[in-house]
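For reference, the structure discussed in these notes is given below.
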Amino acid sequence: MVPFCPLSMNHIGLPASDVDSAAMFYSRLGFSHIGRFRNPESGDDVVFMRLGSLVLELYQTVRPEVPGHGAIDHARGIAGD
């Protein structure tokens, strides 16, 4: 029998029409800036923010098929032991 492996949250992806304004908003809520980069494949500007164990991936996209703001785009988890 395979043992139960709970899933823990790695991060939540949130598109933003202005990633700098979104990062400032979350910093006012207590999140700290933990990283920033430009995704070489998509061209998205990406900022990671943390509050406790919760990590947000805020990104500003240039891809027309991805909404620019307003909804959780993805959530990534990792399996536990």
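A compact table of results
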| item | result |
| --- | --- |
| Some residue of the stretch 10-31 being out of contact with any Leu (no Cβ under 9 Å at 6 or more places or on another chain), outside any strand (DSSP E or B), modelled with pLDDT under 85 and exposed (fewer than 12 other Cβ atoms within 10 Å of the Cβ) | no |
| E65 being more than 14 Å from G13 (Cα to Cα), in a loop (DSSP other than H, G, I, E, B), open to solvent by 90 Å² or more (accessible area, probe 1.4 Å) and at pLDDT 85 or above | no |
| Filter result for A75 (on the phi < 0 side of the Ramachandran plot and either open to solvent by 60 Å² or more (accessible area, probe 1.4 Å) or modelled with pLDDT of 95 or more (or both)) | no |
| Among residues of the stretch 34-50, those that are touching a residue at least 24 places away in the same chain (Cβ under 8 Å), open to solvent by 20 Å² or more (accessible area, probe 1.4 Å) and not aromatic (F, W, Y), counted | 1 |
| Looking only at the stretch 37-59, and only at residues there that are assigned to a loop (DSSP other than H, G, I, E, B) and touching a Lys or Arg at 6+ places or on another chain (Cβ under 9 Å), the one that is modelled with the lowest pLDDT | S42 |
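The values are calculated or read from the model by the stated rules, or taken from the named source; none is laboratory data. What you are looking at is a predicted structure, and each value in this text was computed from that prediction instead of being measured. Here Cβ is always computed from backbone atoms with ideal geometry, including for glycine, and neighbour counts include all displayed protein chains. Each accessible area value is taken on the protein alone, full model and side chains, heavy atoms only, with ligands, DNA and RNA left out. Shrake-Rupley method; radii C 1.70, N 1.55, O 1.52, S 1.80 Å.
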